[in-house]
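The values are calculated or read from the model by the stated rules, or taken from the named source; none is laboratory data. As the structure is a computational prediction, the values presented were derived from the model and not from experiment. Cβ sites come from the backbone with ideal geometry, for glycine too, and all protein chains shown count toward neighbours.
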Ligand code: PLP
């Protein structure tokens with residue numbers, strides 16, 4: 001059988017075995033509606049509130065600041081639309097977003113533009129870092145909200161969130177960060193310490209299930225609910241909660257600090273700092289990533305590494321292979337059992353150039369010839385030379401074709 005190598009953990013992660021077992025038990029025993037008053041409902045409610053507490057402890061925030069959602073995309077929408085429509089910024093119709101956001105944020109903001117909001121798009125520097133000075137220059141007297149991701153999904157650049165939060169706080173502007181990729185892959189993912197008002201998370205990027213996520217909402221802020229219905233989630237998000245997925249999410253978050261998954265780490269004890277095991281896991285995965293980077297540079301002429309001068313997620317390696325269209329590389333590597341991405345998952349399958357690389361000032365050719373390796377659970381140091389060799393052979397074949 002052909003060996004299989006999965007290096008696309010920023011697209012999604014396999015479900016951790018402990019999480020799978022925990023969810024299977026929850027599906028059997030916690031089927032009650034958490035809003036029901038009777039024993040079946042109370043059992044589900046108890047599990048749900050315990051899960052909220054566990055996620056809150058991981059992020060070092062209060063349990064009432066966690067709103068469960070169906071994932072990162074919904075959390076982003078609730079944060080951005082809900083913040084703009086909140087009383088806190090009533091009458092202001094301008095927002096600032098970075099040009100390297102995930103489509104979950106980009107498309108939400110584009111829709112807002114169509115609805116008459118003004119959006120200023122801030123470009124990153126050439127390393128994929130959104131500089132606080134650039135954000136500051138885009139602020140206006142009617143700015144209601146700034147949204148800058150905590151770490152980029154494609155090149156892995158980690159953003160100076162606490163410094164941007166200082167700017168917004170002093171001006172009474174709300175600040176949302178999409179922290180979906182940051183959790184478990186960079187130390188100190190602590191919304192309270194950052195000083196942000198809103199932060200989005202997703203379970204399936206940390207060994208949890210698809211279809212569960214959370215929005216951190218700073219105490220005192222009341223975003224406008226975007227999905228109305230029952231009074232669930234403190235009336236911020238109507239709809240019966242997905243108890244099994246949420247308890248799975250909470251366990252995955254808790255396991256980060258125990259280093260259960262190679263790409264895990266941002267931790268989890270009551271202090272909210274990284275646990276030793278989580279830190280070790282991040283260091284190990286960074287070592288794998290660096291080994292792959294060195295092996296690729298040694299074998300492939302002309303290869304360049306994106307965001308190599310930025311603080312990066314421990315697991316992410318984005319490279320440009322001049323003369324090799326990304327989609328051809330992805331397909332050829334897939335035939336060898338190697339799963340990688342041409343950028344964000346949402347753009348793989350189409351020949352779209354990376355908006356992230358274009359925003360970083362790369363040429364259109366470079367933005368169409370990039371590959372993203374994102375490492376995690378199951379990747380080993382022993383497999384690195386074979387993977388690098390395959391990439392080199394495939395690049396040579398594509399260039400020669
Ligand atoms: N934000 C970022 C940075 C992401 O990488 C993703 C998923 O790729 C999302 C948001 C969307 O999360 P979800 O798939 O849970 O909706």
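Conditions tested, residue by residue: (1) part of a helix (DSSP H, G or I); (2) over 15 Å from residue 9 (Cα atoms); (3) in contact with a helix residue (DSSP H, G or I) (Cβ under 7 Å, 6 or more places away or on another chain).
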| residue | (1), (2), (3) |
| --- | --- |
| 141 | no, yes, no |
| 144 | no, yes, yes |
| 168 | yes, yes, no |
| 172 | no, yes, no |
| 177 | no, yes, yes |
| 180 | no, no, yes |
| 188 | no, yes, no |
| 199 | no, yes, yes |
| 204 | yes, no, no |
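Here residue 13 fulfils each of the conditions (1) out of contact with any strand residue (DSSP E or B) (no Cβ under 6 Å at 6 or more places or on another chain); (2) within 15 Å of the ligand (Cβ to nearest atom); (3) in a helix (DSSP H, G or I) apart from (3). When you go through (1) assigned to a loop (DSSP other than H, G, I, E, B); (2) in contact with a strand residue (DSSP E or B) (Cβ under 8 Å, 6 or more places away or on another chain); (3) within 16 Å of the ligand (Cβ to nearest atom); (4) more than 22 Å from residue 42 (Cβ to Cβ) one by one for residue 221, which number turns out not to apply? Only one criterion is unmet by residue 221, namely (3). For segment 35-56, the criterion of a residue being within 16 Å of the ligand (Cβ to nearest atom), part of a helix (DSSP H, G or I) and closer than 24 Å to residue 207 by Cβ is satisfied by at least one position.
Please list, ordered by residue number, the helices (runs of 4 or more DSSP H) wholly in segment 287-401 having 1 or more residues that are more than 22 Å from residue 129 (Cβ to Cβ) and in contact with a helix residue (DSSP H, G or I) (Cβ under 7 Å, 6 or more places away or on another chain). The helices (runs of 4 or more DSSP H) meeting that bar are 326-335, 384-400.
When every residue of segment 66-76 is checked against the conditions, none turns out to be touching a strand residue (DSSP E or B) at 6+ places or on another chain (Cβ under 9 Å) and away from the ligand (no atom under 16 Å from the Cβ). A single entry from 147, 141 fulfils the requirement of being more than 16 Å from the ligand (Cβ to nearest atom) and more than 27 Å from residue 286 (Cβ to Cβ): 141. Any residue that is modelled with pLDDT of 80 or more, farther than 30 Å from residue 388 by Cα and over 21 Å from the mean Cα position of the chain (by Cα) - is there at least one of those in segment 268-284? Taking every residue of segment 268-284 in turn, none turns out to be modelled with pLDDT of 80 or more, farther than 30 Å from residue 388 by Cα and over 21 Å from the mean Cα position of the chain (by Cα).
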